[in-house]
Amino acid sequence: GLDGAAAGQNRDVRVLIRHLYSSILEGSGLSFSGVFHTGTVTELGREWKMAESMGAVCDRKVVARTTHLVYVARGEGGATEKLVEAVQRGDVQVVAPEWLLACRSAWDKVDEDFVRPRNWEAIRQEAQSRAQQRTQHRDAKKRKIDGEIKCEGKMNEETGDAKERENGQSLLQEVRGLVDDVEEFLSAAGD
């Protein structure tokens, strides 16, 4: 009788607690940089499992749904490719792994400003500088390609070959797409 009802209530409380816990980071997309050692299976890492158990969706890379980068600086130059990408996007919160523990303890998403990585300002500035260099480098490549295509187009104009001009423009678009694809691949492979 009474023991059975109490057992049912305990089960209900456990279900409620599990539901509340699994909604702490609901709607958050996490990626990790410097948290796991190279060669380890990140999905088996303590921080990854903790984040998922609190309702976050985790990815190996910084992707469109990434809202937070859990970051640990390793070595001298602390800005990893993932960090540079997160800073360049501007809408990704960069936090230390302790943020996950703080969220777990508070049973709520904790303000990210209280749990930034160590030496955050210096690392953020380094990442911003690298992001700016990357953008300038990409823009310079595109200007060079545009210039080469325009030169070819002018040569074609001089010969009066309209078909060649069209081919030059479609080639320009194709090359731009390839440059973007290569940069995305190199960025993903670098981290």
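The values are calculated or read from the model by the stated rules, or taken from the named source; none is laboratory data. Bear in mind the structure is a predicted one, so any value in this text is a computation, not a measurement. Note that we place each Cβ from the backbone using ideal geometry, even for glycine, and neighbour counts take in every protein chain shown.
Being in a helix (DSSP H, G or I) and over 17 Å from the mean Cα position of the chain (by Cα): is that true of Arg74 here? Break it down into steps so the answer makes sense when it comes.
Numbers: in a helix (DSSP H, G or I): no; over 17 Å from the mean Cα position of the chain (by Cα): yes.
No, not satisfied.
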Would it be correct to say that Arg89 is within 15 Å of the chain's Cα centre (by Cα), of a type in the set (Lys, Arg) and modelled with pLDDT under 95?
yes
Report whether or not Lys61 is surrounded by 20 or more Cβ atoms within 10 Å (Cβ to Cβ), touching an Asp or Glu at 6+ places or on another chain (Cβ under 8 Å) and among the basic types (Lys, Arg).
no
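Table: residues versus (1) surrounded by fewer than 18 Cβ atoms within 10 Å (Cβ to Cβ); (2) part of a helix (DSSP H, G or I); (3) of a type in the set (Ser, Thr, Tyr).
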position	(1), (2), (3)
Lys82	no, yes, no
Val94	no, no, no
Asp113	yes, yes, no
Arg130	no, yes, no
Arg134	yes, yes, no
Note on region 97-132: residues out of contact with any strand residue (DSSP E or B) (no Cβ under 7 Å at 6 or more places or on another chain) and of a type in the set (Lys, Arg) are Arg104, Lys109, Arg118, Arg124, Arg130
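Restricting to region 99-111, what's the tally of residues that are more than 18 Å from the chain's Cα centre (by Cα) and not in a loop (DSSP other than H, G, I, E, B)? Outline the logic, then answer.
At the first step, the residues of region 99-111 found to be more than 18 Å from the chain's Cα centre (by Cα) are 101-111.
Pick out the ones that are also not in a loop (DSSP other than H, G, I, E, B) and you get 101-106.
Of the residues in region 99-111, 6 are more than 18 Å from the chain's Cα centre (by Cα) and not in a loop (DSSP other than H, G, I, E, B).
Checking the structure you have, find out if any residue of region 36-52 is assigned to a loop (DSSP other than H, G, I, E, B), surrounded by 14 or more Cβ atoms within 10 Å (Cβ to Cβ) and modelled with pLDDT of 95 or more.
Looking for residues that are assigned to a loop (DSSP other than H, G, I, E, B), surrounded by 14 or more Cβ atoms within 10 Å (Cβ to Cβ) and modelled with pLDDT of 95 or more, one finds none in region 36-52, hence no.
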Among (1) more than 20 Å from Tyr21 (Cβ to Cβ); (2) of a type in the set (Val, Ile, Thr); (3) modelled with pLDDT of 90 or more; (4) not in a loop (DSSP other than H, G, I, E, B), where does Ile123 come up short?
(3)
Hey, among the residues in region 18-35 that are at pLDDT 90 or above, more than 18 Å from the chain's Cα centre (by Cα) and not small (Gly, Ala, Ser), which one's nearest to Glu81 (Cα to Cα)?
Ile24
